[in-house]
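Here's the structure we're looking at; comments come further down.
Derivation of every value follows stated rules applied to the coordinates shown; laboratory data play no part. Keep in mind the model is a prediction, meaning the values are calculated, not measured. Here the Cβ is made from the backbone with ideal geometry for all residues, glycine too, and neighbour counts use every protein chain on show.
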Amino acid sequence: MPVDRQTDAVGQRLRITEIFYSLQGEARTVGHPTVFIRLTGCPLRCDYCDTEYAFQGGEWMVQGDILARVAEYHPRFVTVTGGEPLAQPDCRALLAQLCDQGYEVSLETGGALDISGIDARVGIVMDLKTPGSGEETKNRYANIALLKPKDQVKFVIGDRADYEWSRAKLGEYHLNDVCEVLFSPVHGQLNPTHLAEWILHDRLPVRLQIQLHKLLWGDARGR
């Protein structure tokens, strides 16, 4: 008997740390009310990580229940984040289901795992890990060729050395010809004004990003 793909997809399970409604603090839709689906687990251990609580625990949920929870907020924007969402095999099916529901969907990924096979309707925000993260060697540079113009590459920068490394990668991979590039200071570590001045001095074709949610609510969980 043929498998009903819709029923099969909504029955798949993912481990979820939290689902919450807030303002998007980063990337292209910054400032917009957004539902966040935070998946549990991550293969990376970045020194500046601000979501270590998502490494373990969480609750197993079938996709149908996840979709129902999201629908309660009647959102336009939905972001799937982590942890590292792509560490769970059923993440791609969830992303496609969210798009099918008519939401504008984005994925936040650390850049260490393969981004192939993600629904083309999804906007990908992909990190390239700087030396200061302690996870630079995990970058999967083959992902760059898979990015679309509406996607974004993010560098989280902790000091001048991270900035110079990021500037070099920007040129090496011609990233501003691929998609939009974000330079973001590590919250509480690098003065955003210094990063802004470096960008202006070097006339870099990047967007300075400051985490809006941290300015509003600090490091509060679920914000």
Here, TYR53 and GLN101, labelled 7 Å along Cα→Cβ, have an inter-label distance in nm of 2.3 nm
Count the lysine pairs in the range 5-217 that are 8 or more places apart or on different chains: how many have C-alpha atoms under 20 angstrom apart? 10
Computed over the range 77-173, the relative contact order (Cα-Cα under 8 Å, seq sep at least six) in percent reads 24 percent
Just to be sure I understand the model, the point goes 7 Å from the Cα along the line to the Cβ. What's the resulting LEU212 to LYS150 distance in nm? 1.9 nm
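Can you give the net charge of the other residues whose Cβ lies under 12 Å from the Cβ of GLY171, counting K and R as +1 and D and E as -1?
After counting each charged neighbour, the total is -2.
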Quick one: of the DSSP bridges fully inside the chain, what percent are antiparallel, nearest 5? 30 percent
Using a/c under 1.5 as the rounded threshold, could you call the chain rounded, prolate or oblate? The axes a ≥ b ≥ c are square roots of the C-alpha gyration tensor eigenvalues, and prolate needs a/b larger than b/c, oblate otherwise. prolate
Ellipticity estimate at 222 nm from DSSP helix runs (n ≥ 4, -39,500 (n - 2.57)) divided over the chain, nearest 500: -7500 deg cm²/dmol
By how many degrees, 0 to 90 and rounded to 10, does the Cα axis of helix 192-202 deviate from the longest principal axis of the chain? 70 degrees
What fraction of the Cα pairs in the range 43-149, stated in percent, has a spacing above 17 angstrom? 56 percent
Using the Cβ atoms and a cut-off under 12 Å, what net charge is assigned to the surroundings of LEU190, where Lys and Arg are +1 and Asp and Glu are -1? -2
Please compute the net charge surrounding ARG15, taking Lys and Arg as +1 and Asp and Glu as -1 over other residues with Cβ under 13 Å from its Cβ. -3
Residues THR109, THR51, THR193 in order from fewest to most other beta-carbon atoms within 10 Å are THR193, THR51, THR109
Quick one: order VAL80, VAL178, VAL70 by neighbouring beta-carbon count within 10 Å, fewest to most. VAL178, VAL70, VAL80
Residue exposure sequence - TYR21, TYR103 - by fewest surrounding Cβ within 10 Å: TYR21, TYR103
Find the relative contact order for the chain and round it to a whole percent, using C-alpha pairs within less than 8 Å whose residues are 6+ positions apart. 18 percent
